[in-house]
Amino acid sequence: MTRPVILTGVRANNDLHIGNYFGAILPIIDMARRRSAEYTVNLFIPDLHSFTTPINHDQLFDSIMNNARVYAAAGLPLDDDAIQLYRQSYVSAHSELTIILNNFVGFGEMERMTQFKDKSAKLSNDRVSVGLFDYPVLMASDILLYNAMYVPVGDDQTQHLEITRDIAERMNHKFGELFTVPEPVAKQHQFFGKDQGLRIKDLQNPTKKMSKSDETGKGVIFLSDTPDAARKKIMSAATDSLGRVHYDKEAQPGISNLLEILTLVRQANGRAVSLQQTIDEFTGLERYGKFKTIVADEMAEFLASFQARLAQVDDDTILRKLESSEITANQTANQTLLRVQKAVGLRC
Ligand code: ATP
Ligand code: MG
């Protein structure tokens, strides 16, 4: 019997930041370790998604490799054969299935995608690409090619999972059983548990989440920031004029964000503290500068030790893992693609 498939990926469009690390990479690795005895876990690097928004192409190849290195440095067991780590563009079926599926997806339904609206609103008109518009269909291909049942989705991706399900059901209805329909959003949340909700906020604008595509990067702590640069970003984080530490996401979003960040980096630095313990420790403190210094020191310690681990990662081991996973991924993806090609009349 084939095992059910869990699939997830983190876009390599820029350096990863601490939100990606604590909100995606660590939970993914934890999940992969726990589930790999019963499931196939497909971790892929969505490199074709990288330039749906403008990037520096000179850095892309490095970012892709770095993405894989970060997984290894964060503890992904590369010797587990039930965990596949592959690059999207090394499996050409992703592109081909997208071109086919495009013809079964309505312009109107795609126009409703809020991520497209949000992302395109941040770009001048001539920089909004057809690729950005088509992002959800490529994502549907990423999922459907591998018959994936479980895909962890944050709020920004729920609509994309829904459209994937719609496309799969539509194609199955028209052509017979072509695709495994992934589980609906509520079931995904049940399966993956609480970590999906974590959202680290931008340090300069703590009402919005930290994002890699942020133009300035001033409120974003990248995993590649020097400990000293990260320290400065924490020290200049936006707070409020209330002047007392209190965990209140509405009235004091900046301070609340720093309390959450402090808890996460303390945990990463090996101290078993809960958010509530951190809150209890600092509530009422009237000197934001002192509080920020504590967060900044803890962050500097985390980055220094993470970067030391990253430097130890062996590129040959990573490449061997990628290449062997890509052979397997091509086999599975090409089987699905052939089913679709036959169904639409391209093959007999
Ligand atoms: P972009 O600006 O290109 O959309 P991003 O920083 O939002 O980049 P994504 O590639 O969209 O990152 O998301 C990668 C993963 O990181 C997803 O699982 C997403 O939920 C998670 N993630 C992104 N930003 C944060 C954040 N600020 N806090 C926690 N998790 C996050
Ligand atoms: Mg995003």
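The values are calculated or read from the model by the stated rules, or taken from the named source; none is laboratory data. Nothing here was measured: the structure is a model prediction, and the numbers come from that model. In this analysis, Cβ positions are derived from the backbone assuming ideal geometry, glycine residues included, and neighbour counts consider all displayed protein chains. The protein model used for the area step is the full one, side chains on, heavy atoms only, and it has no ligands, DNA or RNA in it. Shrake-Rupley method; radii C 1.70, N 1.55, O 1.52, S 1.80 Å.
Odds and ends about this structure:
- Here the Karplus relation 6.51 cos²θ - 1.76 cosθ + 1.60, evaluated at θ = phi - 60°, turns the backbone of the stretch 50-57 into coupling constants of 5, 10, 5, 10, x, 9, 8, 5 Hz, with x for every Gly and Pro.
- Residues Gln190 and Asp248, FRET efficiency given R0 of 35 Å [Cβ-Cβ distance, rounded to 0.05]: 0.75
- Within straight-line cross-link reach of Lys321, aspartates and glutamates at Cα separation under 15 Å, skipping those fewer than 8 residues along the same chain: Asp79, Asp80, Asp81
- Against the chain, whose longest principal axis is taken from its Cα atoms, helix 315-344 shows a tilt of about 40°.
- Positive-pole candidate from Asn42, Asn67, Thr52, dipole of the stretch 29-76, charges at beta carbon: Asn42
- Taking only the Cα atoms of the chain, the ratio Rg/Rh comes out at 0.99, with Rh defined as the Kirkwood radius.
- The sum of -39500 (n - 2.57) across all DSSP H runs of n ≥ 4, divided by the residue count of the chain, sets its helix-only mean residue ellipticity at 222 nm to -16000 deg cm²/dmol.
- Gain on full stretching of the segment that runs from Lys208 to Ala82 - 0.36 nm per residue minus C-alpha separation: 41.7 nm
- Per residue accessible area of the chain, 1.4 Å probe, in Å²: 46
- The C-alpha atoms of the chain define a longest principal axis, and helix 158-175 lies at about 10 degrees to it.
- Between amide H atoms placed 1.01 Å from N, distances below 5 Å from Asp15 occur with no residue 5 or more places distant or on a separate chain.
- In terms of packing, defined here as the mean over residues of other Cβ atoms within 10 angstrom, the peptides 140-146, 45-51, 76-82 line up highest first as 140-146, 45-51, 76-82.
- Computed log10 I(q)/I(0) for the stretch 14-149 at 0.10, 0.14, 0.16, 0.17 Å⁻¹: -0.39, -0.76, -0.98, -1.09, from the Debye equation with unit scatterers placed on every C-alpha and solvent omitted.
- Computed magnitude of the charge dipole of the stretch 98-197 (debye, nearest 20; Cβ of K, R +1, Cβ of D, E -1): 80
- Antiparallel beta bridges, as assigned by DSSP with both residues in the chain, represent about 15 percent of the total such bridges.
- The chain: angle of helix 130-144 to the longest principal axis, Cα-based, in degrees nearest 10: 70
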